[in-house]
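Each remark here refers to the structure printed beneath this line.
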Amino acid sequence: MDPPGRVGRGLLVCGGDDWWGALEFLETGAWRGGDRGHGGGIVTLNFYDHQSAHPVELPLIEAAAAAALPGVLGCAGTEESALEGLEEIEITFVDDEAITQVHADFLDDATPTDVITFHHGEILISTETAARQAEAHGQPLQRELALYVIHGLLHLHGHTDLTEPERGVMHAAQDRLLASVWPEKS
């Protein structure tokens, strides 16, 4: 049994600047990528759920993150990338109260937000904010959560959304990546 709050773990193998697919879901809930004989490091995606406001379907979110990562690495942002040097990325789902506290403590803004990314490899996602946005955009909550994971990974790879035109570039990249790993139903 997983420790309290821990809901999943994924493993991806990279070879240099290329991330190799061949992902398979293991009974343990881990994702393992084959490196096909190339050298490189391993980044582990650890998922945690520290909220009870909305259910998080981890296998779907893990699959989307694993499938999106090669595309994320294929479109570096304008800032320095922290992603390529990380061995572990922690993705934690929280409620609005928790993300508001972190937003206030680290960004001097005491309001809830969707995603906060720390360059040491931590991504916080508010499920309550995601639920509101999913309803406003007419899409399933789990797809909105996958979008936020991709958004956080793009931040780790040097993307910023503080100013234009960078915001437009980042949002176009995240929308393209989400559509490639989780197409909208027509």
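At a glance:
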{"read-out": "Candidate set from the range 152-170 (those that are open to solvent by 70 Å² or more (accessible area, probe 1.4 Å) and part of a helix (DSSP H, G or I)); member that is nearest to Ala134 (Cα to Cα)", "value": "Arg167"}
{"read-out": "Selection status of Val149, under 23 Å from Glu88 (Cβ atoms), part of a helix (DSSP H, G or I) and either touching a residue at least 40 places away in the same chain (Cβ under 8 Å) or open to solvent by less than 20 Å² (accessible area, probe 1.4 Å) (or both)", "value": "yes"}
{"read-out": "Residue count for the range 138-186, restricted to those that are of a type in the set (Ser, Thr, Tyr) and closer than 21 Å to Glu84 by Cα", "value": "2"}
{"read-out": "Yes/no for Leu177 being open to solvent by less than 30 Å² (accessible area, probe 1.4 Å), in contact (Cβ under 8 Å) with a residue 12 or more places away in the chain and either touching a Cys at 6+ places or on another chain (Cβ under 7 Å) or not polar (S, T, N, Q) (or both)", "value": "yes"}
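Residue by residue, here is whether (1) closer than 17 Å to Leu69 by Cα; (2) free of Cβ contacts under 8 Å to residues at least 60 places away in the same chain; (3) assigned to a helix (DSSP H, G or I) holds:
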{"residue": "Thr100", "(1), (2), (3)": "no, yes, yes"}
{"residue": "His103", "(1), (2), (3)": "no, yes, yes"}
{"residue": "Asp109", "(1), (2), (3)": "no, yes, no"}
{"residue": "Leu124", "(1), (2), (3)": "no, yes, no"}
{"residue": "Ala131", "(1), (2), (3)": "no, no, yes"}
{"residue": "Ala136", "(1), (2), (3)": "no, yes, yes"}
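Yes/no per residue for (1) open to solvent by 30 Å² or more (accessible area, probe 1.4 Å); (2) modelled with pLDDT under 95; (3) out of contact with any strand residue (DSSP E or B) (no Cβ under 8 Å at 6 or more places or on another chain); (4) among the aromatic types (Phe, Trp, Tyr):
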site	(1), (2), (3), (4)
Gly74	yes, yes, yes, no
Glu88	yes, yes, no, no
Thr92	no, no, no, no
Glu97	yes, no, yes, no
His103	no, no, no, no
Asp109	yes, no, yes, no
Leu124	no, no, no, no
Thr129	no, no, yes, no
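The values are calculated or read from the model by the stated rules, or taken from the named source; none is laboratory data. Just so we're clear, the structure is a prediction, and the values are computed from it rather than from any experiment. Methodologically, a virtual Cβ is constructed for each residue, glycine included, from the backbone with ideal geometry; neighbour enumeration extends over all protein chains shown. To get the accessible areas, we keep the full protein, side chains included, count just its heavy atoms, and leave off ligands, DNA and RNA. Shrake-Rupley method; radii C 1.70, N 1.55, O 1.52, S 1.80 Å.
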